[in-house]
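All remarks here apply to the structure that follows.
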Amino acid sequence: MIKSPTSPKEHPDRLLSCEEALQEQFNSLIDQFVSEATSAGWEAAEAEEAVLSLAQSRRWAALENEKTAGAIDEVWEEMGGRTEH
């Protein structure tokens, strides 16, 4: 089970606490991915690099989606807000 946060969002060690809370299940998932990848013929290092790349891409996509949503909201505000049809 993943532990809940015990510090406020602004706390400087919050990310470290989150990493500690996720580490056991994360390692289990990565071990499973790497095992399946090596069974399929990939090298363990390749699978680990791919997981890292996928995680980074996922985060970057989320950040870009947030920026896009913010930009769309700004345009709607400049146009006088959304109207319901």
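Just so you know, all these numbers are worked out from the coordinates, no wet-lab data involved. All values derive from a computational prediction rather than experimental measurement. Positions of Cβ are generated from backbone atoms using ideal geometry, with glycine treated the same way; all protein chains shown enter the neighbour counts.
A few remarks follow.
- Inside the stretch 21-43, residues that are farther than 27 Å from MET1 by Cα and in a helix (DSSP H, G or I) make up a count of 2.
- Of all residues in the stretch 44-85, those satisfying the criterion of being free of Cβ contacts under 8 Å to residues at least 12 places away in the same chain and touching a helix residue (DSSP H, G or I) at 6+ places or on another chain (Cβ under 6 Å) are ALA44, ARG82.
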